[in-house]
Amino acid sequence: MNYSFDFSVVWENIDILLAGAWLTLKISLVAIAFGLVIGVIGSLCRTSGNKILNAITLAYVEVIRNTPYLIQLFFIFFGLPNLGIKLSAEQAAILSLAVNFGAYSTEIVRAGVESIPQGQWEAGMAIGFKKLAIFRYIVIPPALANIYRALVGQVILAVLFTSIVSQIAAEDLTYAGDYLNSRTFRSFEIYFTVALLYLAIVWLIKGVAFLIENQAFKFAKYRR
Amino acid sequence: MTNFQPRSHSSNTAILETKPIIVARDVEKWYDNGFHVLKGVSSTINQGEVVVLMGPSGSGKSTFIRTFNGLEPYQKGRIEIDGTLIAHNQKGIELLRREVGMVFQQFNLFPHLTVLKNITLGPTHLRGLSKPQAKANAMQLLAKVGIAHQANKYPGQLSGGQQQRVAIARALAMQPKVMLFDEPTSALDPEMVREVLDVMRSLAESGMTMVCVTHEVGFAREVADRIIFLADGTLVADTTPDEFFNNPKEERLQKFLAQILH
Ligand SMILES: Nc1ncnc2c1ncn2[C@@H]1O[C@H](COP(=O)(O)OP(=O)(O)OP(=O)(O)O)[C@@H](O)[C@H]1O
Ligand SMILES: [Mg+2]
């Protein structure tokens, strides 16, 4: 092996890589936030007992979970313009990721909702709450606590999925790495650094998730 | 430990005006599997009365009491709460439920909310109380059930008896016209039964209208104004505790008492 490492190419272009990392983080956070909202609403539809809502949601979940994300991304970025819906690369990236993460989180949150005993619904009804208020104030918080770890796992997968959006020239971290690589051919140094930056992003998100867990789900410690 | 407002009159129900709070007429219910669980049950529960519901396992006690707040719909007959009909299709049931408190065997406290928030959730969202108002009321109720010092704990940090007392306070916070209890002490360790029964006794003395499914003979004897006996979805007896325990006429009731009293 007579390869001589040269990380100077990384330092000289660190601003490009950091800009890519920033976009990756931004796309991830926005898509995850929207996806979570989709997941909570989706879990409501799946558990509402309304056959039509359930069928529509189930169809959405099935289509998304059983097709490649890359194709979903291409469909939104290249396919939708045929219908007159034209999105920027960044918008398409966020929308496709949110739709993708929403399908997975729908099923995860649904499992949480179904883990809540019927007695909780009955207690809410006995006070005089309507179904939607019970879902919101009584069922969802402990449901999220019950599936939190699984949800965080899916969040991390969503962050890693973002690297695919470089395929439609969204200028994320992977795109920045590819760009530098094609100009300098310092593949080892560049992709090593890119990997470290992904690791940093995931750890950052894990850290935030841990803080949220400690704050929002304090009660879970006392559950038997 | 417990001191709810005493009745304005003496606890002798004879001098209370009799105002019916729950009127059940020929109530019939079938479960989805076709099981005929209530076969035409009628009873009237007046303001300030404490009525205990007894009967063998599977006789329909829980089902019957749960029709009073629409947790179980029924198909025939009629049930009125303070003059308002509970429709068979349960239209508008949420409004009616605010007037009917319920305490469950399994407490069913909300695990993610502190004791205080468990109690204020209903009043702030459904009764239009401000947070400080609701909190002040809740603290008063917690003092009455003897656990004011636990207000900021989570239900999981309390004993079963304490949780059940919180559940009673939570139901009372809605200022219901009647309180329903479905075996409130059956899930408790024996040493905690007493503290919950004491709260119920004091609530009865304060004049609250109460319907209690319970196997606690002492409570039924001493606190109930009437005891209703259900068997196989039919009302077999509706009488005073004295008649019920000391002079039971119906054969089905005699058999039941022989089993629970020995
Ligand atoms: N959802 C249901 N579907 C079908 N049958 C039911 C359902 N719930 C209860 N039952 C049946 O109805 C009957 C009455 O039940 P219920 O719970 O009202 O009795 P109970 O008197 O409260 O009994 P227990 O003392 O055991 O609590 C029982 O035979 C029970 O098996
Ligand atoms: Mg029962």
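Laboratory data are not the source of any read-out in this text; all were calculated from the coordinates shown. None of the values given here were measured: they were computed from a predicted structure. All Cβ positions, even for glycine, are placed from backbone atoms using ideal geometry, and neighbour counts span all protein chains on display.
Here are the numbers:
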read-out: Entries in B:K76/B:K249; A:K51/A:K221; A:K130/B:K135; A:K51/B:K39; A:K26/B:K117 that, when Cα-Cα distance is taken, lie over 25 Å; value: B:K76/B:K249; A:K51/A:K221; A:K51/B:K39; A:K26/B:K117
read-out: Spin-label model distance (nm) - A:A33 vs B:T234, 7 Å beyond Cα toward Cβ; value: 6.5 nm
read-out: FRET efficiency estimate (nearest 0.05) - Cβ-Cβ, B:H149 to A:L53, R0 60 angstrom; value: 0.85
read-out: Contact order relative to length of the stretch A:8-223, as percent, for alpha carbon pairs under 8 angstrom and 6 or more apart; value: 30 percent
read-out: Base-10 log of normalised Debye intensity for the stretch A:104-158 (one unit scatterer per alpha-carbon) at q = 0.23, 0.24, 0.27 Å⁻¹; value: -0.81, -0.85, -0.99
read-out: Alpha-carbon radius of gyration plus Dmax, which is the widest Cα pair, for the protein assembly as shown in Å; value: 30.2, 106
read-out: Peptides ranked, highest mean first, by Cβ atoms within 10 Å: ranges B:80-86, B:127-133, B:172-178; value: B:172-178, B:80-86, B:127-133
read-out: Convex hull of chain B built on C-alpha atoms - directionally averaged projected area, nm²; value: 14.3 nm²
read-out: Cβ-derived FRET efficiency at R0 56 Å, B:E222 paired with A:L157, nearest 0.05; value: 0.35
read-out: Inter-probe distance in nm under a simple model that places probes 7 Å from Cα toward Cβ, at B:R194 and A:I14; value: 7.2 nm
read-out: Net length gained if the chain between B:K39 and B:K91 were fully extended (0.36 nm per residue, minus Cα distance); value: 16.4 nm
read-out: Candidate lysines for bridging to B:K255, where Cα separation is under 18 Å - those fewer than 8 sequence places away on the same chain excluded; value: B:K61
read-out: Neighbour cut-off at most 15 other Cβ (10 Å), DSSP loop, chymotrypsin sites (Phe, Trp or Tyr not before Pro), the stretch A:132-189; value: A:F185
read-out: Compactness relative to 2.2 N^0.38 Å, alpha carbon Rg of the stretch B:116-262; value: 1.20
read-out: Hypothetical label at A:K131: residues of the stretch B:93-109 whose amide nitrogen lies under 17 Å (7 Å Cα-Cβ projection); value: B:93-95
read-out: Whether the stretch A:8-223 is rounded, prolate or oblate, judged on the alpha carbon gyration tensor where a/c under 1.5 counts as rounded; value: oblate
read-out: Eligible lysines near B:K19 by straight Cα distance, threshold 20 Å, same-chain separation 8 or greater; value: B:K177
read-out: Peptide B:107-120 - average C-beta neighbours from other chains (10 Å radius); value: 4
read-out: Rounded to 10°, Cα long-axis angle of helix A:51-65 versus longest principal axis of chain A; value: 20 degrees
read-out: Spin-label pair B:D82/A:S115, simplified geometry with 7 Å Cα→Cβ offset, distance in nm; value: 4.0 nm
read-out: The protein assembly as shown - share of DSSP beta bridges that are antiparallel (%, nearest 5); value: 55 percent
